[in-house]
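The values are calculated or read from the model by the stated rules, or taken from the named source; none is laboratory data. Quick caveat: nothing in here was measured; it's all calculated off a predicted structure. Using ideal geometry, Cβ is built from the backbone for each residue, glycine included, and neighbour counts are taken over all protein chains shown.
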């Protein structure tokens, strides 16, 4: 049996990577939300303008995963991964320095350019992060390591999102946010110095400069391995469900529940806590065993509680938006909050074993490139979910109808993955 999650978290071989990726995820969301809130509260745009800005910002951050993931996977397989992580952290410091300039200038275009550069850095960081985990950990610790990474990532997303909105509105907000971004980026680089050297998986690999040909190549290679193919699709489904739920929190709170922005923040909080708790629970339940036996159970959990969320009577009453205190006085609101928490917990249980199996069953020489293929599929599923949800709403569907689709879809996933659990 491997180390406990707490012992793993403080182990010398793991803690540097954990802190480095935690600071990076926090910075990404801190900057993105600060940028959006800064524009929203200048009063220069309508609510529709802000929706367009959020869409553009999301697209700019996701686009690099399509463009650069294959190249990132090649570099991570060819070169020593710890050095690559340090180089990427230096890149992050440079980008955050540009972000500080952008806030000082008050330029939206400059800020969106910085966001794209952050997406590039994240696209290159993913393959090396997940590629190095099996080299830092024993096979028995791989599930727990993925659980801690996943929990830490969602905690960082939560902290960054909330802090970005709060700090930018404070007195001297742009300066405070700029300082925070630089502090976290330097801290991430300092932590990366503690990551042990790892081997070079494919030192003789020739880098293919044709981005599109290489992307097709890594997708085909990953598809040839049946176990890897199904784990990648499972990972992508996790992100599909996540986008379907989280992207509707503002509409659900405002239009269905008649609640203010406090409730949106509350939903984001329980979602991050739920995924983190589910991730850690997966590590505890599996005891280091690389098995997908939790996957159909987790899909069933997401299905049941998404369907119950659809059934909850959330029709708003009155013209005024309710705050957190009023929200918690209604039983149905407690019920739907429990549903959202359970869906998120199911997501954590669902994705952790799949990430660990993908890493363990990938050939060492191609592991980072398979992670790159996984990232391309993740991005494709997220974009497809965004377009699908928008089309449903455009053609008259309600927000709760999206929850119904999530529930029914997870029933199908639960049945399908039951046959693959061995």
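For the stretch 180-213, give me each residue that is in contact (Cβ under 8 Å) with a residue 40 or more places away in the chain and part of a helix (DSSP H, G or I).
180, 181, 182, 184, 185, 186, 187, 188, 189, 191, 192, 211
Is the stretch 119-127 home to any residue that is touching a helix residue (DSSP H, G or I) at 6+ places or on another chain (Cβ under 7 Å) and under 25 Å from residue 346 (Cβ atoms)? Reasoning before the result, please.
Going residue by residue through the stretch 119-127, those that are touching a helix residue (DSSP H, G or I) at 6+ places or on another chain (Cβ under 7 Å) are 119-127.
If we keep only those that are under 25 Å from residue 346 (Cβ atoms) too, we end up with 126.
Yes - at least one qualifying residue is present in the stretch 119-127.
Could you tell me which of the residues 194, 170, 213 is loosely packed, with under 15 Cβ neighbours inside 10 Å, more than 24 Å from the chain's Cα centre (by Cα) and modelled with pLDDT of 90 or more?
Numbers: 194 fails: loosely packed, with under 15 Cβ neighbours inside 10 Å; 170 fails: modelled with pLDDT of 90 or more.
Every option except 213 fails the conditions.
Taking the conditions exactly as written (modelled with pLDDT under 95 and not assigned by TED's automatic domain parsing to the domain that holds residue 246), does residue 88 satisfy them or not? Please lay out each step first, then the result.
Details: modelled with pLDDT under 95: no; not assigned by TED's automatic domain parsing to the domain that holds residue 246: yes.
No: the conditions fail for residue 88.
Which condition from (1) at pLDDT below 80; (2) crowded, with 16+ Cβ neighbours inside 10 Å; (3) closer than 23 Å to residue 103 by Cβ is the one that residue 30 breaks?
It fails just one condition, (1).
Give the stretch 248-294 a look and list any residue that's outside any helix (DSSP H, G or I) and either in contact with a helix residue (DSSP H, G or I) (Cβ under 6 Å, 6 or more places away or on another chain) or assigned by TED's automatic domain parsing to the domain that holds residue 146 (or both), or say none. Before you say what the answer is, go through the steps one by one.
Start the filter on the stretch 248-294 by keeping residues that are outside any helix (DSSP H, G or I), which leaves 248, 257-260, 287-293.
Result: 248, 259, 288, 290, 292.
Looking at the stretch 162-172, which of its residues are out of contact with any helix residue (DSSP H, G or I) (no Cβ under 6 Å at 6 or more places or on another chain) and in contact (Cβ under 8 Å) with a residue 12 or more places away in the chain?
162, 169
Exactly one of these conditions fails for residue 158: (1) assigned to a helix (DSSP H, G or I); (2) without any contact (Cβ under 8 Å) to a residue 12 or more places away in the chain. Give me its number.
Of everything listed in (1) assigned to a helix (DSSP H, G or I); (2) without any contact (Cβ under 8 Å) to a residue 12 or more places away in the chain, residue 158 misses just condition (2).
Return the residues of the stretch 240-270 that are without any contact (Cβ under 8 Å) to a residue 24 or more places away in the chain and touching a strand residue (DSSP E or B) at 6+ places or on another chain (Cβ under 8 Å); say none if nothing qualifies.
Taking the stretch 240-270 as the starting set, the residues that turn out to be without any contact (Cβ under 8 Å) to a residue 24 or more places away in the chain are 249-250, 253, 261, 264.
Listed by number, the list holds a single entry, 253.
For the stretch 356-375, name all the residues that are closer than 18 Å to residue 221 by Cβ and buried (at least 24 other Cβ atoms within 10 Å of the Cβ).
As a first pass, look at the stretch 356-375 and keep what is closer than 18 Å to residue 221 by Cβ: 357-375.
Within the stretch 356-375, 358, 359, 362, 367, 368, 369, 370, 371, 372, 373, 374, 375 meet the criteria.
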